[in-house]
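Asker: Just passing along the structure, written as structure tokens.
The values are calculated or read from the model by the stated rules, or taken from the named source; none is laboratory data. Just so we're clear, the structure is a prediction, and the values are computed from it rather than from any experiment. Cβ atoms come from the backbone with ideal geometry, glycine included; neighbour counts cover every protein chain shown.
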Amino acid sequence: MIFLALLAFAAVEPQRTIALEGETFHVQGLVVEEKRLYLTSVDRKARKGFLFEYELPSGKRLRSVELQDGDRFHPGGFDADKDFFWIPVAEYKRSSSAVIQKRNRKTLALEGSFPVDDHIGCVAVAKDKLYGGNWDARQIYEWSKPDGRLLQKRDNPSTIHYQDCKFRGGNLAGAGTDGNTGAVEFVDPATLKLIRRIEYGRTPDRNTLYTHEGMDIFKGRIYLLPEDAPSRLFVFPGIR
């Protein structure tokens, strides 16, 4: 595994900030590639969800697609494998319903989905499984991939309400807040036991917790997207 099985607590500051072009409404999830960034967002007034593609490091918007499915228009934190983005799109209320969309990474086209009888706010992708958190990630779901068969559902022992989650280095990583503290936690997917926790502060000018919304881990760095428009991507130091 990439991350050592020990607890570590540290406050860190961003190394770089990238402004993102255009209206992003209420940002949700984040996936970072070498020269691209993808984010989900929701426009509650228009009852629409979006997947946006950006160029890195310029922050220029390249493409967008709508994600809503009937009364479900709230996309959440999402993840990707080699070929697909796996994106939860839920009703905008607790204990409701969602679909997990499978979208082509090249075309962004919808290629499949499966339903869930709960609001799913974030999804992480392992080799043959999907992990998901419901509203504030109070429960963690586990489904088989790609058919969406429910394998198990467990209470989440963390006090951090995950808004975005990823599967990296054999561990489940969740980012969120408890209202006062922002953190990224790495947990054992088999037990949900905490392995490592990295605490983050607030943006200096808007006083928003860095882990308020989107998070990704790419080539050892942590990327955080906490703010609605004008949205900024914060790049944090590598993980040791």
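Asker: Would you mind telling me which numbered condition in (1) charged (D, E, K, R); (2) in a strand (DSSP E or B); (3) loosely packed, with under 13 Cβ neighbours inside 10 Å Lys82 fails?
Answerer: The one condition Lys82 does not meet is (2).
This table checks each residue for (1) in contact with a Ser or Thr (Cβ under 9 Å, 6 or more places away or on another chain); (2) charged (D, E, K, R); (3) at negative phi; (4) without any contact (Cβ under 8 Å) to a residue 40 or more places away in the chain.
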residue	(1), (2), (3), (4)
Pro75	yes, no, yes, no
Ala80	no, no, yes, no
Ala90	yes, no, yes, yes
Lys102	yes, yes, yes, no
Leu108	yes, no, no, no
Val116	yes, no, yes, yes
His119	yes, no, yes, no
Val125	no, no, yes, no
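Asker: Which condition from (1) free of Cβ contacts under 8 Å to residues at least 60 places away in the same chain; (2) among the small types (Gly, Ala, Ser); (3) within 25 Å of Lys219 (Cα to Cα) is the one that Ser97 breaks?
Answerer: (3)
Asker: Looking only at the range 223-239, count how many residues are surrounded by fewer than 21 Cβ atoms within 10 Å (Cβ to Cβ) and polar (S, T, N, Q).
Answerer: 0
Asker: Now for a separate question. Arg63 - would you say it is at negative phi and either modelled with pLDDT under 95 or of a type in the set (Lys, Arg) (or both)?
Answerer: When the stated conditions are applied, Arg63 passes them.
Asker: Looking for something out of contact with any Cys (no Cβ under 6 Å at 6 or more places or on another chain), more than 15 Å from Gln28 (Cα to Cα) and buried (at least 21 other Cβ atoms within 10 Å of the Cβ) - is there at least one such residue anywhere in the range 201-214?
Answerer: Within the range 201-214, none of the residues are out of contact with any Cys (no Cβ under 6 Å at 6 or more places or on another chain), more than 15 Å from Gln28 (Cα to Cα) and buried (at least 21 other Cβ atoms within 10 Å of the Cβ).
Asker: Right, here's the next one. Starting from the range 183-204, keep only residues that are hydroxyl-bearing (Ser, Thr, Tyr), then list their pairs with residues that are in a strand (DSSP E or B) whose Cβ atoms are within a distance under 6 Å, requiring at least 6 positions of separation or different chains.
Answerer: Tyr200/Gly182
Asker: Pairs please, first residue from the range 226-240 and closer than 18 Å to Gly176 by Cβ, second anywhere and at pLDDT below 95, Cβ atoms under 6 Å, 6+ apart in sequence or on different chains.
Answerer: Note: pairs meeting the criteria are Phe234/Pro14; Phe236/Val12; Phe236/Pro14; Ile239/Gly220.
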